[in-house]
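For reference, the structure is listed below as structure tokens.
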Amino acid sequence: MSVIKLSDIVKRYQSGEETVEALKGVDFHAERGEMVLVTGPSGSGKSTMLNIIGLLDTPTEGTVCLDGLDVTNFDVDELTEQRRSSLGFVFQDFHLLPMLTAVENVELPSMWDRSVDRRDRAMELLKIVGLGNRLTHTPAQLSGGQQQRVAIARALINEPDILLADEPTGNLDQETGRTILEEMTRLKQQENIAIIAVTHDEQMEAYADRIVTLVDGVIQS
Ligand code: ADP
Ligand code: ADP
């Protein structure tokens, strides 16, 4: 069963008098253990689709299923709950809190969950991404690639099914970007998660299991 399945998704935005149709009947799915890239020109609907997959926005028409669960009619609280348990997010500019250490940044998304030993899990995840010796460093004391590794560890703390990455290599030089992509490739297998990444980085294509191209709100391939 697909870990995420979008069926016939339409998304319209109202801006003043004008209606913009950002997605025009999109079907999309991703499976555990695969990395899917979403590419396409600026304004083609990539962010809109990523926001719908990330349960940050809801479609105007169509259905969204997570691991077989139809979440299309979930209310905001239910979506938030589902987002916490199923999804991890990685961003182009890392989004780390500068006053917190690496391990504190990684723990942060699990603060609401009292049932686990968060500190142990955060330390374990930092070891997994190769930062076992940087636990108490703050973001300013880490390189760009190291900061992105902290962000990836943070995205995994709630054991998500899907990792959503918005230009994960966008602020990294090619060589560092490559190490992050190798890390993500290893993790998708090890953690058995789907990785869905929006990117303009051509070197990412070599790491993708599938590439989906959006043009003007329609999937071309
Ligand atoms: P990102 O991939 O980080 O979202 P984009 O350049 O794709 O960067 O888009 C940044 C923002 O600019 C989007 O949230 C979108 O609303 C807006 N935007 C992108 N393309 C267009 C466009 N052609 N016309 C108007 N707004 C756009
Ligand atoms: P991309 O990420 O590929 O650049 P977006 O999903 O950001 O594309 O945007 C797709 C289209 O929807 C663009 O024409 C953009 O201007 C429009 N759009 C995106 N977000 C909004 C919004 N909040 N309000 C109005 N139009 C939007």
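Qualifying GluC sites (Glu not before Pro) in segment 1-102, where qualification requires a DSSP coil assignment and no more than 11 other C-beta atoms within 10 Å, comprise Glu17. Taking the inverse of the mean reciprocal distance over all distinct Cα pairs, the Kirkwood hydrodynamic radius of the chain comes to 17.9 Å. Counted by Cβ distance under 11 Å from Arg119, the other residues give a net charge of -3, where Lys and Arg count +1 and Asp and Glu count -1. In degrees from 0 to 90, rounded to the nearest 10, what is the angle of the helix 76-86 Cα long axis to the longest principal axis of the chain? Once rounded, one gets 50 degrees. Other residues within the sphere of radius under 14 Å centred on the Cβ of Leu87, judged by their own Cβ, net out at -4 (K and R +1, D and E -1). Given in Å, the Rg to one decimal and the Dmax to the nearest whole number for the Cα atoms of segment 1-124 are 16.9, 53.
Think of a 1.4 Å ball rolled over the protein heavy atoms: the chain then has 47 Å² of accessible area per residue. Binning the alpha carbon pair distances of segment 138-206 at 5 angstrom intervals from zero yields the distribution 4, 16, 29, 27, 16, 7, 1, expressed in whole percent.
The eigenvalues of the Cα gyration tensor, multiplied by 5 and square-rooted, give segment 1-57 an equivalent ellipsoid with semi-axes of 24, 12, 9 Å from largest to smallest. Annotation: amide H-H contacts under 5 Å for Asn171 (H modelled 1.01 Å from N, sequence separation of 5 or more, or interchain): none.
In this structure the amide hydrogen of Val212, modeled in the peptide plane, comes within under 5 Å of the amide hydrogens of Leu37, Val38, Thr39, none closer than 5 places in sequence on its chain. Here r is the Cβ-Cβ distance between Glu202 and Asp117 and R0 is 45 Å; the resulting FRET efficiency, rounded to 0.05, is 0.65.
Among beta bridges identified by DSSP and lying wholly in the chain, the antiparallel ones come to about 55 percent. Sorted from greatest to least, the principal axis extents spanned by the alpha carbons of segment 68-176 come out as 43, 32, 23 Å.
Across segment 171-184, computed HN-Hα scalar couplings (Karplus, 6.51 cos²θ - 1.76 cosθ + 1.60, θ = phi - 60°) run 10, 10, 5, 4, 4, 5, x, 4, 5, 5, 5, 5, 4, 5 Hz from first to last residue, x flagging Gly and Pro.
Taken over segment 48-100, the percentage of Cα pairs per 5 Å bin, counting from 0 up to the bin with the maximum distance, is 4, 17, 28, 22, 12, 10, 5, 2, 0. Close amide H pairs (under 5 Å, H built 1.01 Å from N) link Val10 with Gly25, Val26, Thr60, Glu61, Gly62, residues at least 5 positions away or on another chain. What does the charge add up to near Arg32, with Lys and Arg as +1, Asp and Glu as -1, over the other residues with Cβ less than 10 Å from its Cβ? Surrounding charge for Arg32 is -4. Principal-axis analysis of the Cα atoms of the chain puts helix 118-128 at an angle of about 90° to the longest axis. The value of relative contact order for the chain, using C-alpha pairs under 8 Å at least six residues apart, is 31 percent.
The apolar share of the surface of the chain, taken as the fraction of accessible area on carbon and sulfur atoms (1.4 Å probe, ligands and nucleic acids excluded), comes to 47 percent. Note that segment 51-64 has calculated 3J(HN,Hα) couplings of 5, 6, 4, x, 6, 9, 8, 10, x, 6, 9, x, 10, 10 Hz, one per residue in order, obtained from phi through the Karplus relation 6.51 cos²θ - 1.76 cosθ + 1.60 (θ = phi - 60°); glycine and proline are x. Taking a straight line from the alpha carbon of Lys5, these lysines sit under 28 Å away, with near neighbours fewer than eight places off in the same chain left out: Lys24, Lys46, Lys188. Extension gain for the segment Ser2 to Ser85, taken as residue separation times 0.36 nm less the Cα-Cα distance, is 28.2 nm to one decimal.
The values are calculated or read from the model by the stated rules, or taken from the named source; none is laboratory data. Since this is a predicted model, take the numbers as computed values, not measurements. Every residue, glycine as well, gets a Cβ built from its backbone with ideal geometry; the counts of neighbours run over all protein chains shown. Each accessible area value is taken on the protein alone, full model and side chains, heavy atoms only, with ligands, DNA and RNA left out. Shrake-Rupley method; radii C 1.70, N 1.55, O 1.52, S 1.80 Å.
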